[in-house]
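J.: After the structure tokens below, expect a handful of questions from me.
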Amino acid sequence: MKTIHPLVRLLCSAACVAALMFLNGCERKPVTESDGAQPRTPPKAAPGAKIVSAEKNSFAEVTSHLDPGGSLYLYLSTEQWMSGLSGKVSNWKEMIAALPEANRADADRAFDIVTRLIKDSGVEDVSGVGMSSIAREPGFYRTRAILHHYQGQGKGFLWNMAGQKPHSLTGLDLLPANTVLAAFSDLDPSQLWLVIQKQVRESGLPQAEEFLNKLPENFENATAIKWEQLLASLGGEFGLVVTFDETKRIPIPLPQGSQLEIPEPGLMLVIKVNDDTIFKRVDQGLKDTGQQIVSVDEPALKMRTMAVPLPIPIELRPTMAATEGYLLIATTDALVRKALAVKTGKEPGLKSTAEFKRLAVDMPTEGNQFLFVSQRIGEKIIELQQQALTMSKDAPPGMKNLMQAWLNPNSAAFFYSVTAHTDEGWVLTANGNQGAGPLLMGATIAPAAIAAAVALPAFAKAKARAQQISCSNNLRIIDLAKHQWAVDNNKADSAVPTKSDLLPFLPKEQMPACPAGGGYSIKAVSEKPTCSHDGHGIPE
């Protein structure tokens, strides 16, 4: 019997504890005579009268951030079962006594881990969640969502690690006009490292603690950068940018010799930094390799570009640049130059485009995260999916028609969202062509439909392959039975046995059948039996 690794067993125990705590938190304890109070019947409300909740909730606070009158308006109060959640762990500790002796320590430790995570994360401060969606115009929606805590609360890392206070969305100033996707977010690496250290140190897992203690030293040995120096150099904001150059077309090979052309993509990573620690170390590493490097040293820009002599259809010149508090890593130096031209106002950027201006109407100008998705990237992805679906021979016609209708380029999603850490929690605002209702529905239906489109042909192939293998095994059994019949009855190689001749030499004295419905020909002893189904037989 295999022994389950203690860490795996502990994590499983922690998951169970978290689930039990959640269920316990959702319970309501009824008032009984043993509580020292008499049960009372709730007073009847007059017909049409407004009922006021007898329990405190955050309805007014949460809904003040939502838009009524749209296609979705959702509120969920959580404070009755989230408040004091960590203290409710003790209600389940008696379960440990029912566990085998070898597992009690792990279960006890799991309770402690979950309790600490709940306390340190600040999840107990979540007092409610809300979401709304309303059409600004036909086919164009404003969506709002909030993860709420009361003012003065929200002290855990859930609330602070991804941004302390909203700030200007300066990442937008680096986006070229041909940007099709951009995602920027605050993240405090130093706080993340402290949280990980604390949780591991208090977990009672020696192996994990040993690994974490050695991580800074191993990192320094591999990079020649001190771990603390790296964390101090990071400015707490990270971004990903994808662009499409419509003036250059890249062929994408597809099955059966066809191809699809897409605009040449560009990729850029944006890291806010406090100094040049990372740039200087990578620069020295590039020099040590002896590779051909193009260096640029200007007053506000240091840039290093590598030549990549590969016969590929896409322009690729990996580039790293340091400029005015940002470290940029891009597929080409031209992309870096374009981003800087936008930042300095020498070229129009994404904010000048009609698509972004429409999406940015009444949107916050400050936040901690933003996400922009252009309709262009959705259209290209859908076009690729349509091409792949059209060329799939094994997909049932009905499924093809369904997926073709679903994958309509005109319905490609596009939106712009901003998330901000306010004094009442995290608030998201988004404009786009998808309302929250369809988005929630699509989150469940679309993956299932796409999975079905992919899985059905795969299942068909797997089934056909399994039938082919099963048939081959049947033919081998028949062939073996033929030879045993010939030996026992002194038959020549040219002799052809009948089905009844072979039954005594077959398992359970039954002639096997082709799982795909093919018919078997026994043939002479010297010949291999065959199946009438196309592709079935004994491999050579």
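J.: Starting from the amide H of Leu187, placed 1.01 Å from N in the peptide plane, find each other amide H under 5 Å away whose residue is 5 or more places distant or on another chain.
T.: Residues meeting the amide H criterion: Glu237, Phe238.
J.: What net charge do the residues around Ser132 carry, taking every other residue with its C-beta under 12 Å from that of Ser132, with Lys and Arg at +1 and Asp and Glu at -1? Provide the component values of the computation, followed by the final result.
T.: Numbers: positive: Arg142, Arg144; negative: Asp67.
Charge balance in the 12 Å sphere: +1.
J.: Under 5 Å between amide hydrogens, which residues at least 5 positions from Arg317 or on another chain qualify, with H placed 1.01 Å from N in the peptide plane?
T.: Close amide H contacts, sequence-distant or interchain: Thr332, Asp333.
J.: Let me ask something else about it. If you split all Cα-Cα distances of segment 281-354 into 10 Å bins from zero, what percentages do you get per bin, shortest first?
T.: In order of increasing distance, the bins hold 17, 46, 27, 8, 1 percent.
J.: What net charge is computed for the residues neighbouring Phe505, neighbours being all others with C-beta under 14 Å from the C-beta of Phe505, Lys and Arg scored +1, Asp and Glu -1? Walk me through the numbers on the way to the answer.
T.: Working: positive: Arg476, Lys482, Lys491, Lys499, Lys508; negative: Asp479, Asp488, Asp501, Glu509.
Combined, the nearby Lys, Arg, Asp and Glu give +1.
J.: If you roll a 1.4 angstrom probe over the protein chains with everything in place, what fraction of the accessible area of segment 475-540 belongs to carbon and sulfur, to the nearest %? Intermediate values should be presented prior to the final figure.
T.: Details: 1990 of 4040 Å².
Carbon and sulfur together cover 49 percent of it.
J.: Moving to a separate point now. If the limit is 24 Å between Cα atoms, which of Lys491/Lys523; Lys56/Lys119; Lys226/Lys287; Lys155/Lys226; Lys302/Lys343; Lys248/Lys280 go over it?
T.: Checking Cα-Cα distances, Lys155/Lys226; Lys248/Lys280 exceed 24 Å.
J.: In Å, what Kirkwood hydrodynamic radius results for segment 328-390 from the alpha-carbon pair distances? Spell out each step's value before the answer.
T.: Working: mean 1/r = 0.0686 Å⁻¹.
Evaluated over segment 328-390, this radius sits at 14.6 Å.
J.: For Glu527, what is the net charge nearby, where nearby means another residue's Cβ is under 14 Å from its Cβ and Lys, Arg count +1, Asp, Glu -1?
T.: Numbers: positive: Arg476, Lys482, Lys491, Lys523, Lys528; negative: Asp479, Asp493, Glu540.
Cβ neighbours under 14 Å give a net charge of +2.
The values are calculated or read from the model by the stated rules, or taken from the named source; none is laboratory data. Here the structure is a predicted model, which means the values were calculated and not measured. FYI the Cβ positions are ideal-geometry reconstructions off the backbone, even for glycines, and counts take in every protein chain you see. All accessible areas refer to the heavy atoms of the entire protein, side chains included, with ligands and DNA or RNA removed. Shrake-Rupley method; radii C 1.70, N 1.55, O 1.52, S 1.80 Å.
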